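Have a look at the structure below, then the notes.
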Number of protein chains: 2
Amino acid sequence: MRIAMAQINNTIGDFKTNSATILKQCHEALKFGADLIVFPECAIFGYTPADLLERDSIIKAQTKFINQLIKKLPKDLYVLFGAITDNKKAGKRYNNSALLVKKNKVIRSFSKELLPNYDVFDEERHFESGKLADNLVTIKGKKFLVAICEDIWGWKDLNPFQHDHNPLVKFNKKIDAMLVLNASPYSLQKSSTRLEVAKKCAKQVKAPLIYVNMVGGQDELIFDGGSFAINKSGKLLAQSLYFQEDLTLVNIDKSKTLINPQPNVEPYEELRQALVLGLKDFVYKIGIKKVHFGLSGGIDSALIACLAVEALGPNNVTALALPGPYSSKLSFDLAKKLASNLSIDFKKVDFNSTYKAMVKDFEKTFGKIKFGLVHENFQARIRGDILMGFSNLNNSLLINTSNKSELTVGYSTLYGDLCGGISPIGDLTKKQVFGLCEHYNKSHELIPKKIITRPPTAELKPNQKDSDSLPPYHLLDKSVEKLVVHKKAATTAVDKRVLKMMMRSEFKRWQAPPILRVSTHAFGQGRRMPIAHNAIY
Amino acid sequence: MRIAMAQINNTIGDFKTNSATILKQCHEALKFGADLIVFPECAIFGYTPADLLERDSIIKAQTKFINQLIKKLPKDLYVLFGAITDNKKAGKRYNNSALLVKKNKVIRSFSKELLPNYDVFDEERHFESGKLADNLVTIKGKKFLVAICEDIWGWKDLNPFQHDHNPLVKFNKKIDAMLVLNASPYSLQKSSTRLEVAKKCAKQVKAPLIYVNMVGGQDELIFDGGSFAINKSGKLLAQSLYFQEDLTLVNIDKSKTLINPQPNVEPYEELRQALVLGLKDFVYKIGIKKVHFGLSGGIDSALIACLAVEALGPNNVTALALPGPYSSKLSFDLAKKLASNLSIDFKKVDFNSTYKAMVKDFEKTFGKIKFGLVHENFQARIRGDILMGFSNLNNSLLINTSNKSELTVGYSTLYGDLCGGISPIGDLTKKQVFGLCEHYNKSHELIPKKIITRPPTAELKPNQKDSDSLPPYHLLDKSVEKLVVHKKAATTAVDKRVLKMMMRSEFKRWQAPPILRVSTHAFGQGRRMPIAHNAIY
């Protein structure tokens, strides 16, 4: 039996386009002689539907588009796709389901049992659990168990979130294969954990497992694709591409195991691909084609420049140099060189007159003010104003250049360098920013070497260095990993300093742009912290 | 038996202060001859604990402070308070519990069964359900059932959120009273629904019900207090104050029913008290004493001025007039008059030189630009910069002046008038803004009448009126109620226009300040919407 794994990139609520994609993939699969095609979780709605589910009219629209799609699906193909369905029993309003269509009819509906309700997931907000054990179906004489994403993550040793039960543990029916529909977001090197989870399940049910994942960026989440099929011993039978749409066929009766199915990708290369996809999809899915950012001559904006060029093409990227009163010529020269290396539009806006005027206007009312935070923040915020002005002028999206280490300690100016519609590197520690820049420089010096080697500085006052206000980055980064990602207690002096700065700067992160998530715990919607609190423990 | 209802105002994670408050109230209650004192839900932790619960070290600290507190509690009093406890069974890590202490020992622990996981509530994220039926205890020969907040909200006709069961329906034990610990956030006229819910429960269990609520502002939430006791027929036996701390005693054996227990408060007066408390507590709980805002001569900032004065006292409030190139003299004069009426510090910053310099610096790079959005936003953002400069100068919190109608359609400049640490009127429609201003003017013309009667304008271009870009406010407000609060489908032409503007401006609200919640559905953390989507239904 031939099964097509349809790894699609959809957009939340774009039922028309998502239906068309599903239809197209079905016809494609038919050409390859598929008997059954499997799509990801929420294939027609997009993931995460979030509180759009509170608008009945949206669910009605989804149902209308599903009904239209079903009529158009090829009659000779079994089609299994993720959809949101009404919960007919007591409890939350919806089920996170998979619909099986044959001959233009829904012949079965399967619902997800384990609902993730941690980190970025809020599924217990709108969904009621189904029963995995009920999700058995026979297709062309073969018995399948249909599972949805979290359903296979009930293993306490493999999921940091501890479900109260694992629906697979007691499962003992004989099946020919397990079909798993997913919208499983990327985090660094998650694919290996995913494969381990799948192997454990395949061994448990003593049958092959077909894992179909979503691909594409959606706000803060990046779906990395990498769908696969394994046999009951956990050996790979088929493997789809990462970070792009793909259609892969697998024959569960005859497939040979794959030898070296995909080249091993090193972590920084994986990170690069993830961020490029996340950035590209965010920009395109909000209907914009062009982006820009402040290019300072420092390492963070240098990385943003490289990612933006890959995501949108050099013709759609503008770098703005905004040298202030304390910026060095070196910074400007380095920014200019990088822009030239990347063949992107490079504009300089000298805002010194504006800055002087702002200080003057301010002092006219409040009297002479000693140089300090007021002046530093004016510089950062005027930059923000000009960058946003460029958005208005060119319908271009401002990309934020903050990294996770800075965000942790609040080393950024709200409404200044925190401006931007999307933060592509807000989940990267400074170490990762360096690592990814060096990765970009592997074959040749794309990023001028000096950008990487000079000491980080905000250049908002004379001879300023990040290290004046922050612990050295190699120590700060360790604390970030420990306190933010692993949520451990502060034990060292640096940890304690960082924890205090972190807990006191929640107000800045509350108003930060969406942050592409690449770690297991990012700032953004997956982390919900009060502002007015005194819990510095 | 005398029961003290201890309506306290705590701060999240401030275990030291919260414990001290509990201890103080216990001694107070003893003076009045109380046998038992009941505190709110999460009395020692604060509500909502949110993802602070993901840091084990914080729970350890809570436990340490609870143990210290217990040792100090008066021996002759039964003390019942909300606390977060480890869940010893399978499932989520914690229970939302109530601890009963006598003679310096925890003699019983009771856990919440119904966990709210909708709107601003995320309790299924960290808590496991207990069983209400297990929460029976005998104190001095009286039988009590202990419930926590949502436990009494299982009634389908009274809770828009539909729980899959109501643990009270099958409850049939004979009890002497029900004790309910709450952290029930305010929304307009919620107290009457709350009383109705309590009456239904009292009738169900055929016993009096003691309802103890939290009071105080906590980020976006305002806890309104208003604790009460009713007899088994639902008649009021005791009633605590709204919007302030209180300690009220009730004798469940002998209490007479109260006649006209609290004067009826009209809705705008209630709203005023709620907003003043929410603003005051936000500012104090983040450790700040002073606030400021741009006072434009328009109605939104006029209302902010009145609220700020009540919350923090006139000496801690600064109004900044920031007349721009298109501001009228009338606006300035009205702002000045209001500031004088309120006896607050009034400063004028003329930013025209800055504005001219910014346009010039920008045009130097991009060439002559036709007057438009770039110029309008520069004005709004320079105002933001100056207002934030004042924050840096005076350690004063910038208060945002946006209302819900504007926020719905995105009629505001991100990093401009959307700046601020807290949005006190971001959950008020324009109609409510007018209504509350008129309420302030009831006894005398506190707010110059012209501020209320002139047509709303942003004054960012010549002769600009809000009505140039928006539906008339009386229609816009109706759509806001329908689409945002009640989540209904768009049916009228105005609805459809508003819906589109709303769905396209999620990116602005993503970066908006915390918004004090006074409706049943506010923007802010209780509403989670994707940015990159195409679900305009």
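Miscellaneous remarks
- Note on the protein assembly as shown: the alpha carbon radius of gyration divided by the globular reference 2.2 N^0.38 Å gives 0.95.
- Residues whose placed amide H lies under 5 Å from that of residue B:37, excluding near-sequence neighbours: B:4, B:78, B:79, B:80
- Distance violations [Cα-Cα > 30 Å] among A:508/B:496; A:496/B:285; B:131/B:235; A:131/B:199; A:478/B:64: A:508/B:496; A:131/B:199
- As a length-normalised measure over Cα pairs under 8 Å and 6 or more apart, the relative contact order of segment B:1-43 settles at 62 percent.
- Residues A:245, B:150, A:196 arranged by fewest to most Cβ contacts within 10 Å: A:196, A:245, B:150
- Pair residue A:249, residue A:493: separation of 7 Å Cα→Cβ label points (nm): 6.7
- Computed E for residue A:350/residue B:469 - FRET, C-beta separation, R0 25 angstrom, nearest 0.05: 0.15
- Inter-copy label distances at residue A:343, using a point 7 Å along Cα-to-Cβ, come to 7.0 nm with the shortest given first.
- FRET efficiency for the residue B:371 to residue B:76 pair, using the beta carbon distance and R₀ = 60 Å, is estimated at 0.20.
- Taking the DSSP beta bridges with both ends in the protein assembly as shown, the antiparallel portion is around 55 percent.
- Listed peptides A:312-321, B:490-499, A:444-453 by packing density, highest first (mean Cβ within 10 Å): A:312-321, B:490-499, A:444-453
- By the count of other C-beta atoms within 10 Å, a proxy for reagent exposure, B:536, B:84, A:66, A:107 are ordered fewest to most as A:107, B:536, A:66, B:84.
- Between segment B:200-234 and segment B:20-98, the Cα center-to-center distance that results, in Å: 19
- Figure legend: label point modelled 7 angstrom from the Cα of residue A:169 along Cα→Cβ; residues of segment B:78-120 with amide N under 16 Å from it are B:88-93.
- Span per principal axis, largest first, for the Cα atoms of segment A:2-256 (Å): 45, 42, 34
- For segment A:86-136, trypsin sites (Lys or Arg not before Pro) meeting the loop criterion (DSSP other than H, G, I, E, B) and having at most 15 other Cβ atoms within 10 Å: A:88, A:89, A:103, A:131.
- Rg(Cα)/(2.2 N^0.38 Å) for segment A:270-466, N = residue count: 1.00
- Across segment B:2-264, the mean sequence separation of Cα contacts (distance under 8 Å, 6 or more residues apart), normalised by length, yields a relative contact order of 19 percent.
- Candidates per trypsin sites (Lys or Arg not before Pro) in segment A:230-326, loop by DSSP, up to 12 other Cβ within 10 Å: A:254, A:256
- Counts of other chain beta carbons within 10 angstrom of each beta carbon in peptide A:388-395 average 6.
- Taking every DSSP helix (H) stretch of at least 4 residues in chain A, weighting each as -39,500 (n - 2.57) and dividing the sum by the residue count yields a mean residue ellipticity at 222 nm of -11000 deg cm²/dmol.
- Take residue A:435, push a point 7 Å out from Cα through the beta-carbon direction, and compare it with the same point in every other copy: 5.6 nm, smallest first.
- Size of chain B: Rg and Dmax of its alpha carbons, in Å, are 25.2, 85.
- For A:143-155, mean number of other protein chain Cβ atoms within 10 Å: 0
- Taken along the Cα-to-beta-carbon direction at a fixed 7 Å, the label points for residue A:140 and residue A:258 span 2.1 nm.
- Two-site label geometry, residue B:188 and residue A:88: point separation in nm, points 7 Å out along Cα→Cβ: 4.0
- With contacts taken as Cα pairs under 8 Å at a separation of at least 6 residues, chain B carries a relative contact order of 11 percent.
- Counting other Cβ atoms within 10 Å as a rough exposure proxy, the listed residues A:179, B:307, B:30 run B:30, B:307, A:179 from fewest neighbours to most.
- The convex hull drawn around the Cα atoms of segment B:406-537, when projected onto a plane and averaged over every direction, covers 8.9 nm².
- Antiparallel DSSP beta bridges within chain B, percent to nearest 5: 55
- With the label put 7 angstrom out from Cα along the Cα-to-Cβ vector, residue A:373 ends up 3.3 nm from the copy partners, going from closest to farthest.
- Mean partner shielding of peptide B:118-128, defined as the number of other chain Cβ atoms within 10 Å of each residue Cβ, is 3.
Read-outs: derived from the displayed coordinates by stated rules, not from any lab. This structure is a prediction, so every number in the text was calculated from the model and none was measured. So basically every Cβ, Gly included, is an ideal-geometry build from the backbone, and we count neighbours across all protein chains shown.
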